[in-house]
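In what follows, a structure is listed as structure tokens, so that the remarks can point back to it.
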Amino acid sequence: MPQSENARDQEIARRIESGDTYEAIGSDYGISRQRVHQIAEREGVRPLPADERPLGESEQLAAQLLGAEPRLSYQDVAQRCGLSQRQVRRIADKAELAWMRWPVYRRGIQPWDYDEEIETGCWVWRHGKSAQGHGRLNVGNGKSDYAHRFAYEEQHGPIPPGVAIIHFCHNYSCVNPEHLGLDDDWDGVVAEMQQVDFAPAGDEADGSVEGAELATSRVTMAVAYDFDGTLAPGNMQERQFIPDTGMTPREFWAEVDRLTSENQADGVLMYMYHMLRKAAERNVPVRLEDLRERGRWLEYFPGVLEWFDRIKDYGENRGVHIEHYILSSGNAEIIEGTPVAEKVARIYASRFLFDDKGEAVWPALAVNYTTKTQFLFRINKGAHDLSDAGGINRFVPQEDRPVPFENMVYIGDGETDVPCFRLVKELGGLSVAVYPPRSRRAREQAQRFVDEGRVHCVAPADYTQDGPLDRLIRSNIDLAANRAALGLEIARS
Ligand SMILES: [Mg+2]
Ligand SMILES: [Zn+2]
């Protein structure tokens with residue numbers, strides 16, 4: 001008996017080493033897992049680590065099921081294969097099949113989410129539907145969205161705010177992006193209107209004249225940008241100014257934070273003060289030209305330098321006059337030294353006062369995150385003279401304001417942009433939060449602004465042609481053009 005038990009134990013030891021699980025071995029020999037474990041101890045053998053072990057029979061079956069039947073849940077697969085859910089999850093990870101069970105909003109719409117109708121080409125949503133038959137999907141945080149809107153954005157980019165999606169196929173459950181279009185795609189309607197209302201008298205009614213007539217319904221759209229983190233990575237002082245004072249950006253900002261909290265001061269005034277103090281200690285001159293010089297060496301997010309003209313041209317062709325504005329808590333003088341300066345109508349940013357020797361001595365204007373919103377009202381009312389305190393508060397009827405809020409876009413990147421995001425969004429304009437391209441963490445942070453209802457959408461800070469941001473702003477321009485052409489007033493909600 002000991003002889004045969006010994007032989008059995010050696011066999012068990014070999015199976016443990018070859019990677020069989022304790023469960024599988026135990027069930028083959030009619031003994032408990034604990035017993036197998038004891039034998040392993042006695043024989044001095046260890047099981048292979050989970051990720052080196054070849055898959056057993058039921059694990060192989062699970063892997064096949066995971067790949068072939070994406071609609072089976074981990075629980076279903078575990079039940080069918082006699083494994084625990086944890087084991088199934090591990091197999092899914094190992095076989096790189098885990099993404100298939102992610103929620104739709106993370107993995108995108110996949111063929112197993114719809115049934116394709118052969119005749120119509122419609123992709124009929126297989127998951128939950130609204131009463132009218134619109135597909136719905138979870139978008140996290142307990143919220144849901146229409147599946148067709150998600151499908152449209154996946155393929156064509158963000159839907160401009162307030163714009164509905166139409167199904168060309170009239171099948172509400174369809175999520176085929178080729179069957180979906182923007183409801184503001186009114187080119188056909190505009191063309192009809194031109195024939196009725198705008199057709200010039202006489203015989204010069206060729207297309208170009210009609211176009212010119214349409215363009216007389218001119219509107220102005222303001223696009224306002226935060227600077228640091230929105231157009232250029234990092235803080236503008238960090239590239240040259242702070243290193244010149246012999247500090248690291250970290251040290252510099254830590255001292256600014258300390259000054260701010262110790263004195264219960266304004267953070268912007270404190271950083272301006274600290275710039276002057278540190279520069280004086282090191283005899284670093286701070287004249288207008290020194291600050292401007294430091295603006296030359298900034299780096300930008302992709303496409304920034306071509307962006308401003310291209311968007312302006314696009315607007316001009318649609319009868320929309322585009323004005324770009326910078327709204328920054330950073331230094332106006334540094335921004336003035338950048339190539340961006342000549343592309344924008346105005347730079348609203350913090351400024352120094354210079355003495356008769358031309359040296360900066362005092363803050364002349366400090367733009368912090370709450371005062372930033374003031375400049376949006378200035379743009380709205382055309383009250384650009386900062387010394388005219390009355391101008392900003394003077395009553396101007398909505399229809400006489402040069403840039404209505406519906407025609408305003410605010411692009412920013414962080415917490416300090418929240419008041420502007422909210423203001424523009426609530427008054428009918430478009431608010432966009434950008435994040436450094438390819439930074440997943442930053443994207444998730446930006447996404448929070450959407451979840452909290454502060455912005456309409458997020459986009460990578462990539463300003464290149466045909467990128468998501470480019471398409472988004474262009475469609476917003478189209479929207480303004482169409483609204484103007486049709487004399488429409490959008491209902492404010
Ligand atoms: Mg910023
Ligand atoms: Zn369809």
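For the reader, a short list of remarks on this structure follows.
- Residue match in the range 416-427 (condition: more than 16 Å from ligand 1 (Cβ to nearest atom), at pLDDT below 90, surrounded by fewer than 18 Cβ atoms within 10 Å (Cβ to Cβ) and charged (D, E, K, R)): yes
- Considering only residues in the range 274-332 that are away from ligand 1 (no atom under 16 Å from the Cβ) and of a type in the set (Val, Ile, Thr), the one that is surrounded by the fewest Cβ atoms within 10 Å (Cβ to Cβ) turns out to be VAL284.
- Filter result for VAL396 (modelled with pLDDT of 90 or more and either closer than 23 Å to ALA232 by Cα or assigned to a loop (DSSP other than H, G, I, E, B) (or both)): no
- Within the range 333-344, the set of residues being surrounded by fewer than 23 Cβ atoms within 10 Å (Cβ to Cβ), over 17 Å from CYS420 (Cβ atoms) and in contact (Cβ under 8 Å) with a residue 24 or more places away in the chain comprises GLU336, GLY337, PRO339, ALA341, LYS343.
- Condition met for ALA95 (farther than 28 Å from GLY142 by Cβ, away from ligand 2 (no atom under 16 Å from the Cβ) and surrounded by 13 or more Cβ atoms within 10 Å (Cβ to Cβ)): yes
- Residues of the range 440-466 classified as small (Gly, Ala, Ser) and either surrounded by fewer than 19 Cβ atoms within 10 Å (Cβ to Cβ) or touching a helix residue (DSSP H, G or I) at 6+ places or on another chain (Cβ under 9 Å) (or both), total: 3
- Taking the listed residues ARG136, ARG90, the one that is assigned to a helix (DSSP H, G or I) and not assigned by TED's automatic domain parsing to the domain that holds ASN476 is ARG90, with no other qualifying.
- The numbered conditions (1) exposed (fewer than 14 other Cβ atoms within 10 Å of the Cβ); (2) assigned by TED's automatic domain parsing to the domain that holds ARG8; (3) in a loop (DSSP other than H, G, I, E, B) are all true for GLU119 except (2).
- Candidate set: the range 218-249, residues that are away from ligand 1 (no atom under 16 Å from the Cβ) and in contact with a strand residue (DSSP E or B) (Cβ under 7 Å, 6 or more places away or on another chain); chosen: the one farthest from GLU316 (Cα to Cα): ALA222
- The lone exception for VAL432 - which of (1) over 13 Å from TYR225 (Cβ atoms); (2) among the aliphatic types (A, V, I, L, M); (3) modelled with pLDDT of 90 or more it fails: (1)
- Residue identified as crowded, with 17+ Cβ neighbours inside 10 Å and out of contact with any helix residue (DSSP H, G or I) (no Cβ under 6 Å at 6 or more places or on another chain) among ALA147, ALA164: ALA147
- Residue within the range 418-431 that is in a strand (DSSP E or B) and in contact with a His (Cβ under 9 Å, 6 or more places away or on another chain) present: yes
- Odd one out for ARG71, checked against (1) part of a loop (DSSP other than H, G, I, E, B); (2) farther than 30 Å from HIS170 by Cβ: (2)
- All positions within the range 106-155 that are aromatic (Phe, Trp, Tyr), over 25 Å from ARG448 (Cα atoms) and within 15 Å of ligand 2 (Cβ to nearest atom): TYR114, TRP123, TRP125
The values are calculated or read from the model by the stated rules, or taken from the named source; none is laboratory data. Source: prediction; values computed, not measured. Here the Cβ is made from the backbone with ideal geometry for all residues, glycine too, and neighbour counts use every protein chain on show.
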